[in-house]
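K.L.:
Just dropping this structure here.
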Amino acid sequence: MTALAAALLGGMPASAAQEEPRVAGSGAISAAEQQVFLAPHLQGLRPGTVLRYAFVHGGTLEAGYGGPVELQLSAGAGGRCCDVASAGGFPEAGGARALPGVEGASANPVILYFLEHDLREMQRLTRGTMNHFRRRIRLALAEEASSEDARVRWQGRELPARRLQVSPYLGDPMRNRFEAYAAKRYEFVLGDVPGGVVQLRTLLPGDTPGAPPRLEETLTLEGAEVVGAATNKP
């Protein structure tokens, strides 16, 4: 677990985060947490690789927006991959937000960037606290995550993947304060693609069956390239 992961999930300054969060009832890291936060998503990538994602904020709740998220991988200590930096930040309604770099990353920090954006959005929409929503997501991944096989397309090939889903607020003891968002679902689609992350998604269904979602955000892998080489597209 990088300091960034502990910081974003544990709600502490990155410089002070030293240990992996233990959130499941047994004190052990759950299989879902392992796959999302600790798996070596960047394994096998070369320094100089650029991972390109497309972010979209949509739904009927408010005006949509979107933009690219680009991660630049460089050699870390001993020349090993990877230190990670972002060129343009993370799209927000008011403009891109700068992202912290990560040294010696193994898991893909784009997951944490996406979740941290979501925490800011939940705080803005509900006037709740980021720490509360952070804790609910952590607990859901530790104790309630569902997992299923999926198929994705990358470079013209169909590949196996895993889809993890959680609904952190259905059983929230404070649900009455955030009832309008209780049905919000989080999805993580992970597979054998560069960076390990195919798509991240949050979905707040419409008020009636068949209605368009009130809120939907997706972060989707668009391409991967080594600087100076041709771009690969899914």
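The values are calculated or read from the model by the stated rules, or taken from the named source; none is laboratory data. All figures in this text were calculated on a predicted structure; none of them were measured in a lab. Note that each Cβ is placed from the backbone with ideal geometry, even for glycine, and that neighbours are counted across all protein chains shown. Note: areas computed on protein heavy atoms with side chains; ligands, DNA, RNA excluded. Shrake-Rupley method; radii C 1.70, N 1.55, O 1.52, S 1.80 Å.
K.L.:
I'd like the accessible area for residue 222, computed on protein heavy atoms only with a 1.4 Å probe and all protein chains in place. Round to 10 Å², please.
P.N.:
80
K.L.:
Net charge near residue 204, counting Lys/Arg +1 and Asp/Glu -1 over other residues with Cβ under 13 Å of its Cβ?
P.N.:
With Lys, Arg at +1 and Asp, Glu at -1, the net is -4.
K.L.:
Find the Rg to Rh ratio for the stretch 88-156, where Rh is the Kirkwood radius over alpha-carbon pairs and Rg uses the same atoms. Could you put the intermediate results ahead of the total?
P.N.:
Working: Rg = 15.1 Å, Rh = 14.6 Å.
Looking at the stretch 88-156, the ratio lands at 1.03.
K.L.:
Roll a 1.4 Å probe over the protein heavy atoms and report the accessible area of residue 143 in Å², nearest 10.
P.N.:
110
K.L.:
List the relative contact order of the stretch 159-208 as a percent without decimals, with contacts defined as Cα pairs under 8 Å and 6+ residues apart.
P.N.:
Details: 73 pairs, mean separation 18.2, N = 50.
Dividing the mean separation by the residue count of the stretch 159-208 yields 36 percent.
K.L.:
Solvent-accessible area per residue for the stretch 80-234 at a 1.4 Å probe radius, Å²? Numbers along the way, then the final one.
P.N.:
Numbers: 7230 Å² over 155 residues.
Here the residues of the stretch 80-234 average 47 Å² of exposed surface.
K.L.:
Let me ask something additional. With a bin width of 5 angstrom, please list the P(r) values of the chain as percents of all Cα-Cα pairs, from the 0 bin to the one holding the largest distance.
P.N.:
1, 6, 13, 19, 21, 18, 12, 6, 2, 1, 0, 0
K.L.:
Along the charge dipole of the chain, pointing to its positive end and built from +1/-1 on Cβ of Lys, Arg, Asp and Glu, which listed residue (87, 111, 202) has its Cα farthest out?
P.N.:
In the chain, that residue is 202.
K.L.:
Work out the length of the dipole vector of the stretch 74-161 about its Cα centre, built from +1 on the beta-carbon of each Lys and Arg and -1 on the beta-carbon of each Asp and Glu, and round it to the nearest 20 debye.
P.N.:
Magnitude of the dipole: close to 220 debye.
K.L.:
Gap in Å between the Cα centre of the stretch 171-218 and the Cα centre of the stretch 85-135?
P.N.:
Here the two parts' Cα centres lie 16 Å apart.
K.L.:
Same structure again: Mind telling me which of 132, 41, 57 comes out most flexible in a GNM of the chain, alpha-carbon contacts under 10 Å?
P.N.:
Result for the chain, Cα springs under 10 Å: 132 fluctuates most.
K.L.:
Could you give the length gained by full extension between residue 74 and residue 129, i.e. 0.36 nm per residue of separation minus their alpha carbon distance, to one decimal place?
P.N.:
Taking residue 74 through residue 129 to full extension adds about 16.3 nm, to one decimal.
K.L.:
Could I ask something else about it? Which whole-number percentage describes the relative contact order of the chain, with Cα contacts under 8 Å and a sequence gap of 6 or more?
P.N.:
Computed over the chain, the figure is 21 percent.
K.L.:
For the chain, modelled as a GNM with alpha-carbon contacts under 10 angstrom, which of 31, 85, 145 fluctuates the most?
P.N.:
Answer for the Gaussian network model of the chain: 31.
K.L.:
Per 0.36 nm of contour for each residue apart, how much would the distance between residue 162 and residue 60 grow if the chain were fully extended, relative to their Cα-Cα spacing?
P.N.:
So the chain would gain 33.9 nm between residue 162 and residue 60.
K.L.:
Give me the base-10 log of I(q)/I(0) for the stretch 110-221 at each q in 0.12, 0.17, 0.18, 0.19 Å⁻¹, Debye formula, one uniform scatterer per Cα, rounded to two decimals.
P.N.:
-0.45, -0.86, -0.95, -1.04
K.L.:
Related question: Taking θ = phi - 60°, what integer Hz values does the Karplus form 6.51 cos²θ - 1.76 cosθ + 1.60 yield along the stretch 74-79, in sequence order, with x for Gly and Pro?
P.N.:
Taking θ as phi minus 60°, the curve returns 9, 5, x, 4, x, x Hz for the stretch 74-79.
K.L.:
Which residue fluctuates the most in the chain, going by a Gaussian network model with Cα springs under 10 Å, if the choices are 123, 155, 34?
P.N.:
Comparing 123, 155, 34 in a Gaussian network model of the chain, the most mobile one is 155.
K.L.:
Taking the Cα atoms only, what angle lies between the long axis of helix 130-143 and the longest principal axis of the chain, rounded to 10 degrees?
P.N.:
The angle comes out at about 80 degrees.
K.L.:
Mind pulling the angle between the C-alpha long axis of helix 110-126 and the longest principal axis of the chain? Nearest 10 degrees, somewhere in 0 to 90.
P.N.:
So the inclination is approximately 30 degrees.
K.L.:
Only four residue types carry charge here, +1 at the Cβ of Lys and Arg and -1 at the Cβ of Asp and Glu. Report the dipole size of the chain about the Cα centre in Debye, rounded to the nearest 20.
P.N.:
120
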